[in-house]
Amino acid sequence: MSTLPKVCYEIFVRSFCDSNGDGIGDLNGIASKLDYLHDLGVEALWLTPIHPSSTYHKYDVQDYTAIDPEYGSLDDFRRLLAGVHQRGMKLYMDLVVNHTSVHHPWFEQARLDANSPYRNYYWWMTQDRIDALGVAQREQTADAHEINPWHANPGDPERYYAMFWKGMPDLNYDSEGLREDVYGIVRYWLTEVGVDGFRLDAARHIYPPWLREKNIEFWEEFGQVVRQANPDAYTVGEVWAKAEEVAPYFKGLKANFHFDLSFAIQRIIATGKDAGLVEALMRDYRLFGTHNPDFVDATMLTNHDQVRIGSVADGNLDKMKLAAAMLLTLPGQPYIYYGEEIGMLGRKPDERIREPFLWTDRRDDPDRPRWIKPLYSRRAAVRAVSLQVPDPDSLLNHYKRLIALRKQHPALAQIVRPNLRPALGYDRKIIAYYRTHPTEPVLVIHNISGRTKLIKFGEEESSFNRILFQTQGTPTLSGSRLRLTAYSSIVLGK
Ligand SMILES: [Ca+2]
Ligand SMILES: [Ca+2]
């Protein structure tokens with residue numbers, strides 16, 4: 001495996017940077033900000049979908065080999081990719097192949113003609129068959145609230161299956177023709193265009209619930225297709241479920257997002273209490289490792305489907321710094337959701353966790369997308385990049401320092417075979433761990449409470465006496481006693 005990017009960054013394309021004044025973030029906008037991202041220390045970008053689509057989020061694709069004109073052209077994309085590669089970074093596309101748009105030509109033909117070769121690209125059943133199978137309703141999941149997934153096609157005795165929304169019919173991977181078409185799309189982007197990998201949307205829903213056991217086999221085959229096209233290509237699955245369900249997906253996919261960790265950090269930030277984070281992580285690593293010892297644990301505080309960490313922290317910058325310090329010192333391959341590094345805020349509905357990025361404090365900043373008027377990430381509530389750059393104590397510079405630290409120390413940079421072990425005795429207001437290493441181990445301690453904590457080191461901790469990083473200014477370590485102020489973190493070496 002080629003070197004894995006040590007820090008990744010998710011861009012909600014519509015909201016990042018507008019290059020042409022139409023108010024919509026676009027590919028040329030991203031290209032104009034590559035120096036910002038490179039300077040932050042990011043090594044890979046995941047772009048939310050950029051294919052033609054009728055929605056603002058574009059998770060309902062109409063054409064898998066084109067670029068939505070709102071975002072630019074294929075030439076723009078190639079230029080962006082070249083700029084990413086020039087800086088030694090990688091670019092991952094969001095590949096949404098659980099479903100298409102109802103406006104995709106496959107579905108348009110399938111719904112018009114039951115004898116179309118595209119009919120079995122989707123799931124069709126009569127009401128009698130649906131009832132006989134007992135699948136008329138589905139259980140709600142964290143990512144899909146639809147209870148009645150079978151939708152009428154006027155004049156058609158059969159209904160089609162769409163688990164998220166009737167505008168996004170699910171694809172049927174029992175169709176060999178579909179598999180070949182999707183693999184062709186994968187090869188096109190990897191070999192003809194040269195993207196570095198894919199984020200795989202709704203990976204756990206590829207087969208419907210009554211055939212769920214076929215998911216893992218599908219992703220194994222998909223993984224082989226990816227490796228044949230480019231042995232170094234990267235895949236990361238969105239399996240929004242408990243670690244037990246995520247684990248077998250590592251058989252086919254290099255990486256999967258760690259939702260349990262995301263929620264655990266959010267709970268810690270919201271409550272100020274630890275419920276055994278390090279032990280839970282070590283258990284998850286063992287689970288993942290049983291399916292693939294070289295699993296890549298893709299970690300995040302939040303993504304474009306979750307309440308922003310800034311709002312989980314109630315706008316408290318110290319808590320945001322704590323969350324960043326946890327994400328960037330724990331094992332795994334962290335993904336920063338755009339705007340987390342400047343403290344953007346946002347609660348559901350979804351549009352509100354996807355508000356425009358703030359580049360400058362100018363009211364009329366042409367870079368700032370205007371497709372939606374911000375409710376949470378307003379200039380009065382969130383300091384723009386231009387204001388945070390010169391402030392050494394800003395959240396942005398905190399992120400930058402942590403990213404640099406992560407890359408500088410091999411114990412922190414290790415991704416495959418996570419090197420984690422608990423430290424100190426149990427204290428629900430402290431999270432402490434070693435990132436083990438044969439020659440350069442580090443000790444990380446976070447005070448997750450709102451009060452200063454006095455911590456007495458044991459024998460093993462006492463050998464870590466060199467401060468590599470700390471949240472606030474003055475040293476707080478004397479001998480075997482550590483004084484850690486509220487929500488602050490310290491990283492120690494020998
Ligand atoms: Ca634009
Ligand atoms: Ca599906």
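The values are calculated or read from the model by the stated rules, or taken from the named source; none is laboratory data. None of these values were measured; they are calculated from a predicted model. Glycine gets a Cβ as well: all are built from the backbone with ideal geometry, and neighbour counts include every protein chain shown. Note: accessible area is taken over every heavy atom of the protein model, side chains too, but ligands, DNA and RNA are not part of it. Shrake-Rupley method; radii C 1.70, N 1.55, O 1.52, S 1.80 Å.
Observations
- Residue check for residue 138: over 21 Å from residue 219 (Cα atoms), surrounded by fewer than 22 Cβ atoms within 10 Å (Cβ to Cβ), of a type in the set (Lys, Arg) and touching a Pro at 6+ places or on another chain (Cβ under 6 Å): yes
- Matching entry among 39, 35, 26 (being among the charged types (D, E, K, R) and within 9 Å of ligand 1 (Cβ to nearest atom)): 26
- Set side by side, the residues 298, 323 differ, and just one is of a type in the set (Gly, Ala, Ser), within 25 Å of residue 58 (Cβ to Cβ) and not in a loop (DSSP other than H, G, I, E, B), which is 298.
- Elements of the type strands (runs of 3 or more DSSP E) sitting completely within region 1-100 and holding at least 1 residues that are over 26 Å from residue 384 (Cβ atoms), acidic (Asp, Glu) and open to solvent by less than 30 Å² (accessible area, probe 1.4 Å): these cover 90-95.
- Residue under evaluation residue 91, criteria (1) in contact with a helix residue (DSSP H, G or I) (Cβ under 6 Å, 6 or more places away or on another chain); (2) within 16 Å of ligand 1 (Cβ to nearest atom); (3) of a type in the set (A, V, I, L, M), criterion not met: (2)
- Pairs meeting the criteria (first residue in region 94-105 and closer than 16 Å to residue 50 by Cβ, second residue within 16 Å of ligand 1 (Cβ to nearest atom) and open to solvent by 10 Å² or more (accessible area, probe 1.4 Å), beta carbons under 7 Å, at least 6 apart or on different chains) are 101/53.
- Entry remark, region 478-492: residues being surrounded by fewer than 19 Cβ atoms within 10 Å (Cβ to Cβ) and over 21 Å from residue 272 (Cβ atoms) number 4 in total.
- Which numbered condition residue 471 misses (of (1) touching a strand residue (DSSP E or B) at 6+ places or on another chain (Cβ under 9 Å); (2) open to solvent by 20 Å² or more (accessible area, probe 1.4 Å)): (2)
Every residue, every condition in (1) crowded, with 21+ Cβ neighbours inside 10 Å; (2) within 16 Å of ligand 1 (Cβ to nearest atom); (3) part of a strand (DSSP E or B); (4) among the charged types (D, E, K, R), yes or no:
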residue: 147; (1), (2), (3), (4): no, no, no, no
residue: 165; (1), (2), (3), (4): no, no, no, no
residue: 179; (1), (2), (3), (4): no, no, no, yes
residue: 187; (1), (2), (3), (4): no, no, no, yes
residue: 204; (1), (2), (3), (4): yes, no, no, yes
residue: 210; (1), (2), (3), (4): no, no, no, no
residue: 249; (1), (2), (3), (4): yes, no, no, no
residue: 261; (1), (2), (3), (4): yes, no, no, no
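- Residue 433 falls short on exactly one of the conditions (1) open to solvent by 10 Å² or more (accessible area, probe 1.4 Å); (2) touching a strand residue (DSSP E or B) at 6+ places or on another chain (Cβ under 6 Å), and that condition is (1).
- The set of residues from region 335-353 being of a type outside the set (D, E, K, R) and open to solvent by less than 10 Å² (accessible area, probe 1.4 Å) comprises 335, 336, 337, 338, 339, 342, 343, 344, 346, 353.
- Test: residue 306 is in a loop (DSSP other than H, G, I, E, B) and modelled with pLDDT of 95 or more: yes
- Looking across region 189-202, the residues that are within 30 Å of residue 140 (Cβ to Cβ) and either within 11 Å of ligand 2 (Cβ to nearest atom) or surrounded by fewer than 17 Cβ atoms within 10 Å (Cβ to Cβ) (or both) come down to 201, 202.
- Qualifying residue in region 105-114 (condition: closer than 30 Å to residue 7 by Cβ and either surrounded by 21 or more Cβ atoms within 10 Å (Cβ to Cβ) or more than 16 Å from ligand 2 (Cβ to nearest atom) (or both)): no
- Residues of region 226-240 that turn out to be closer than 12 Å to residue 190 by Cβ and either among the hydroxyl-bearing types (Ser, Thr, Tyr) or open to solvent by less than 10 Å² (accessible area, probe 1.4 Å) (or both), as a count: 4
- The numbered conditions (1) farther than 24 Å from residue 146 by Cα; (2) in a helix (DSSP H, G or I) are all true for residue 232 except (2).
- Qualifying residue in region 123-141 (condition: in a loop (DSSP other than H, G, I, E, B), more than 16 Å from ligand 2 (Cβ to nearest atom) and outside the structural domain of residue 234 (by TED's automatic domain parsing)): yes
- First in region 219-232 and modelled with pLDDT of 95 or more, second anywhere and among the aromatic types (Phe, Trp, Tyr), Cβ under 8 Å, 6 or more apart: 219/249; 222/183; 225/183; 226/198
- Residue under evaluation residue 443, criteria (1) among the hydrophobic types (A, V, I, L, M, F, W, C); (2) open to solvent by less than 10 Å² (accessible area, probe 1.4 Å); (3) touching a Ser or Thr at 6+ places or on another chain (Cβ under 8 Å), criterion not met: (3)
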